[in-house]
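The values are calculated or read from the model by the stated rules, or taken from the named source; none is laboratory data. If you're wondering where the values come from, they're calculated on a predicted model, not measured in any experiment. Cβ placement follows ideal geometry from the backbone for every residue including glycine, while neighbour counts extend to all protein chains displayed. Heavy atoms of the whole protein, side chains included, go into the accessibility calculation; ligands, DNA and RNA do not. Shrake-Rupley method; radii C 1.70, N 1.55, O 1.52, S 1.80 Å.
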Amino acid sequence: MQQIFNFIIRNSNRLLFLLLLGISLALTIQSHSFHRSRIISSANFISGGVYEKINNVNEYLNLRTENDELVLENARLKSLLFNKEDTTKAPMIDSIKGVKPADIIVSKVIHNSYSTHENYLTLNSGSKEGVKQDMGVINSLGIVGIVDNTSPNYSTVVSILNMKSQINAKIKKSNHFGSLTWNGKSTGFVQLTDVPRLASVRKGDTIVTGGQSVIFPEGINIGTIQNIYTDKKTTFYTINVKLFNDMTNLGHVYIIKSKGREELINLENKNKEKDE
């Protein structure tokens, strides 16, 4: 307390000057409308700048919530696109049928490996949300992989960057099919093998999922043809496909429920029993 009194005594002239200055400014502002308006404008400018900074911080902190909302909305719109009725007699290759809104599970990649020959992803959705083995996983750019195992809250996915992965795919502009594999070399490319040499293929052609699998709906994007090689030992092409997806940077994904797979497996088992 003594130090405060000493400070006031030492700076009494300056404090008196500031007090009188404040009184004179207050009287001037109250008696002149021009000065009053300028002071209010300046105060609004300062407070507006502060509020803007606070708002920017709040927006940044709410990015995750907004992003989740956008993902859910994207899933809803994608489901509508999947079920859009054809406007022409011939079905469009781009349209993806048979996927209802209730058959899409929105999930998020919480672990992603891409530096080994057998890469897997981990998702934060499991059997509680209805995730089962052999369900297809995609995002807005294309296919990601196939569900391998599940727990109540999580699931693992065989990435398309896995040398054991084999997915039915085709050239978008034709019905020539092949098997999509990975040679373990580059994270940006996969290979489409067993494509007949009779097929018309060109660099830049789009590769999509085929219709010979119940895991993925037909017509989901995969990538574009980068290189074409001829297997001298067979009559087939091996095509290097540049992926639309950046498999090293995955966020939210969509798990597609496949209700027809169990029916197909049961039918195949019955045929095996007859053969035996």
Requested in this report: Would you check if there is a residue in region 201-208 being out of contact with any Asp or Glu (no Cβ under 9 Å at 6 or more places or on another chain) and assigned to a strand (DSSP E or B)?
Outcome: yes
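May I ask you to verify whether I207 is among the hydrophobic types (A, V, I, L, M, F, W, C), in contact (Cβ under 8 Å) with a residue 12 or more places away in the chain, farther than 26 Å from S113 by Cβ and open to solvent by less than 10 Å² (accessible area, probe 1.4 Å)?
It is false that I207 is among the hydrophobic types (A, V, I, L, M, F, W, C), in contact (Cβ under 8 Å) with a residue 12 or more places away in the chain, farther than 26 Å from S113 by Cβ and open to solvent by less than 10 Å² (accessible area, probe 1.4 Å).
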Query raised in the report: Are any of the residues in region 177-192 assigned to a strand (DSSP E or B), aliphatic (A, V, I, L, M) and more than 28 Å from I110 (Cα to Cα)?
Result: yes
Query raised in the report: When you go through (1) touching a His at 6+ places or on another chain (Cβ under 9 Å); (2) at pLDDT below 85 one by one for A102, which number turns out not to apply?
Result: (1)
Query raised in the report: Can you tell me which residues in region 159-178 are closer than 15 Å to S115 by Cα, open to solvent by 30 Å² or more (accessible area, probe 1.4 Å) and not basic (K, R)?
Result: M163
Query raised in the report: If E218 satisfies every condition in (1) under 21 Å from K257 (Cβ atoms); (2) open to solvent by 30 Å² or more (accessible area, probe 1.4 Å); (3) out of contact with any Phe, Trp or Tyr (no Cβ under 9 Å at 6 or more places or on another chain); (4) modelled with pLDDT of 90 or more but one, which is the exception?
Result: (4)
Query raised in the report: Just for region 222-276: of the residues that are in a loop (DSSP other than H, G, I, E, B) and among the acidic types (D, E), which one is modelled with the lowest pLDDT?
Result: E276
Query raised in the report: Taking interchain pairs and intrachain pairs at least six residues apart, which have beta carbon atoms under 8 angstrom, with the first residue in region 179-190 and closer than 14 Å to Y114 by Cβ and the second open to solvent by less than 40 Å² (accessible area, probe 1.4 Å) and assigned to a loop (DSSP other than H, G, I, E, B)?
Result: W182/S165; T187/M247; G188/M247; V190/W182
Requested in this report: Go through region 133-150 residue by residue and tally those that are in contact (Cβ under 8 Å) with a residue 60 or more places away in the chain and open to solvent by 60 Å² or more (accessible area, probe 1.4 Å).
Outcome: 2
